[in-house]
Amino acid sequence: MQTLKRLLPLCCLAVGLLPALAAHTEARLVLSAETARPGSTVMGGLLLRMEDGWHTYWRNPGASGMATEIEWELPDGIAAGEIQWPPPEKYGEDDLTTYVYHEEVVLLVPLTLETNIRPGPLELKAKVSWLECKEACLPGSANVSATLVVGDTLKQSAEAKLIETWQGRLPRAGEALQAIARWEKPAEGASRSLVLEWPAKTGVTVADFFPFSSDKFEVQPATERLPTDAGVVRLRKMVHKVAGDWPAEIAGVLVQKIGAERLAYEVRLPVESGLSATAATGVGRSSQSASTASLWQMLLYAFLGGLILNVMPCVLPVIALKILGFVAQARENPREVRRLGVIYTAGVLASFLALAFIVIALKAAGSKAGWGFQFGNPYFLVAMTTLVTLIALNLFGVFEVTLGGRALETAAQLSSKHGAAGAFFNGLLATVLATSCTAPFLGAAVGFGFAQPPLIIAVTMLTVGLGLAAPYLVLSWQPAWLKFLPKPGLWMERFKVAMGFPMLAAAVWLMSIVAAHYGERTWWLAVFLVFVALAAWIYGTFLQRGANRRGLAGAVLLLLLAIGYTYALESQLRWREPLSPETATGSLQESPDGIAWQRWSPEAVAQARAAGRPVLVDFTAKWCLTCQANKKFALEIPSVRAKLKQINAVALLGDYTRFPADITEELNRFQRAGVPLVLVYPRDATQPPLVLPEALTPGIVLEALKKAATP
């Protein structure tokens, strides 16, 4: 029986060599464009439609079959690329397993037009051959053709949507999947077990590996899924050696299904000699990566990143106010200064620990969290903008607050108090504002931490907090280092007022982020803040410093707040009804001479790389000040724009302002917990992307684009 099973595929193939009376597969050549410009790339597609029950074969047919072949007959000036194969289905069992397509498939081929190609209509031809099977196998062939007009404009064809659909099903680039391949144990004769492993979201119901074919070895079709920790997929495959040494590299397509979503990744994995003891006991890759050396390195990065946050514009006003407090207290009571330094540090650490608990809870619920995730919440932004505005008004001296004041007013006063409550609150405020910035080292460290078990997440976040609090803590224990500052005096009050301006700028910046959630309605938040400011002035002038008509002033104050909230926030801003992400999405290109950004998606990256074009990807957010600095000083500049045009690169922008899940997942694949993340994909689609530093310079970007354009 076993011999018969092995001979059956050969028998089917032999039958298939007989002349076919009628084909059961329809073949047609489709193009993504009717008209294309010289120098552009048009996606061609071989559309194969099979009758019910019949199938054709993938690039690696498996136990039997024959891959579809295309012989092009193209006019001068057009070159065809390699076939891009959508992931197949696994068909059959045991030794008879094949990799096939049923019903319909589009095999995609990029067609590149030379810059000097003659204009006018051109006929593209190809001879196609395939093997179609049901109970029997029959060879099929067809001559297909399509017309492409070379002109000055790009006009999509009627089949453009069909091609776009199949492009979306192509395997994604596998570098970011972080998959590994290891021999499980020594060989037993000509067979050896191989383990494939990669981190993945929970809920993966199906996982498999479809190998590319090789003359020297064969990866058996049977797949065994091994038990692992949550968030890790591990498969066992048997490799049969035919000739030569055991393979040093395994190539193919990793497939995983989460719910109804089926994702495929093309990978080329070096095969490591053996599994570590940690992996052999079933601990996932995320735990493996937390080796002692890597952990200490990432914790160092976390500390340095937190340290650098102190000089970021989102945190600097808060730190400056605390230094002001040092000057006032250092000469009076050094011991009290040390106590307040510890309390400030406790406020920072408590805030970061709370963030860590939120991240752990989100992961446990199956969601993903990113650095600064609270800035994706419109209600948080409205409240934070109001709070920061009140803090600025307090610094300007518009009003003073007693401890019996309202919550927001108390918060405003706490920001400039020099006591224990002020120190702790400043630690909280510094943490909240710091999460809108990403410093060098911080992205890699937090991305590493967020992919780890709960304990390491907490340790990583606390280390960032310790870095943020370190300068203040050190100065509190060494107040003599502040001797270079003038003695306490009138300048301190002026400095306090001056700090109100960057705080007011922070409120304006926060309101610009609010616009991503409310669109044109956002200016009603500014109207509400005018009511709040007027109410604060009445409070300070007539209730605190005035003696007459305090009751009338209080009534006017409450009336102003009621009108501001009811009319501006509830009726006009409709703060409880933020826009949907689709409605709030705006234009990517902000000026006519800017970079022609396209929206990021894995399919857009795959399409551009398939066409042989370098790709620049900028993951950014409106609330990320580092991102905006990169954009202004290193990306949206003439030299970079010229380089992108010179190398015919595609620029893709991933907007993380509202924390879309697909971008969170992509950031996590590169072990980043937040933006900015700038990637440059080389022209050679087999090469991994270049990951640029968080803080960019024009030289860094231009050098990366130069490398990406090198064949």
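Values in this text are rule-based calculations from the coordinates and carry no lab data. Note that the coordinates shown come from a computational prediction; the quantities given were computed from them, not determined experimentally. Don't worry about glycine lacking a Cβ; one is built from the backbone with ideal geometry, like all the others, and counts go over all protein chains shown.
Full extension of the chain between Lys645 and Trp246 yields a length gain of 139.2 nm, computed as 0.36 nm times the residue separation minus the alpha carbon distance. The slack in the chain from Asn548 to Phe380, taken as 0.36 nm per residue of separation less the alpha-carbon distance, amounts to 56.7 nm. Taking amide H as placed 1.01 Å from N in the peptide plane, the amide H of Leu690 sits under 5 Å from that of Val680, Tyr681, each at least 5 places away or on another chain.
For the residue pairs Lys216/Lys237; Lys201/Lys645; Lys201/Lys237, alpha carbon separations beyond 26 Å are given by Lys201/Lys645. Each part gets one Cα centre, and for segment 172-246 versus segment 112-139 those centres are 34 Å apart.
In a reduced charge model with +1 at each Lys and Arg Cβ and -1 at each Asp and Glu Cβ, segment 35-88 shows a dipole moment near 220 debye about its Cα centre.
Given axes a ≥ b ≥ c from the Cα gyration tensor, I'd like to know whether segment 124-183 is rounded (a/c under 1.5), prolate (a/b larger than b/c) or oblate. Don't skip to the answer; put the middle values down first.
Numbers: a/c = 2.75, a/b = 1.16, b/c = 2.36.
The shape class here is oblate.
Across segment 339-355, coupling constants 3J(HN,Hα) worked out from phi with the 6.51/-1.76/1.60 Karplus curve, θ = phi - 60°, read 4, 5, x, 5, 5, 4, 4, 4, x, 5, 5, 4, 5, 5, 5, 5, 4 Hz, and Gly and Pro carry x. Working note: Karplus 6.51/-1.76/1.60 with θ = phi - 60° gives segment 50-64 the couplings 9, 5, 4, x, 8, 8, 10, 10, 6, 4, 10, x, x, 5, 8 Hz, where Gly and Pro are set to x. Volume per residue for segment 42-192 equals 170 cubic angstrom (convex hull of Cα atoms).
Residue by residue, segment 106-111 carries 3J(HN,Hα) couplings of 10, 8, 9, 9, x, 10 Hz when phi is fed to the Karplus relation 6.51 cos²θ - 1.76 cosθ + 1.60 (θ = phi - 60°); x denotes Gly or Pro. Once R0 is set to 56 Å, what does the formula 1/(1 + (r/R0)^6) return for the Cβ-Cβ distance between Lys216 and Leu300, expressed as a FRET efficiency to the nearest 0.05? Plugging the Cβ-Cβ distance into 1/(1 + (r/R0)^6) gives 0.80. In the frame of its principal axes, segment 42-95 has Cα extents of 47, 22, 17 Å, reported largest first.
Distance between the pseudo-spin-label points of Glu26 and Asn116 (7 Å out from Cα toward the beta carbon): 4.2 nm.
Label zone of Asp662 (point 7 Å out along Cα→Cβ, amide N under 19 Å): in segment 238-264 this covers 255-264.
Shown is the FRET efficiency for Ser141 and Ala354, computed with R0 = 51 Å from the Cβ-Cβ distance and rounded to the nearest 0.05: 0.15.
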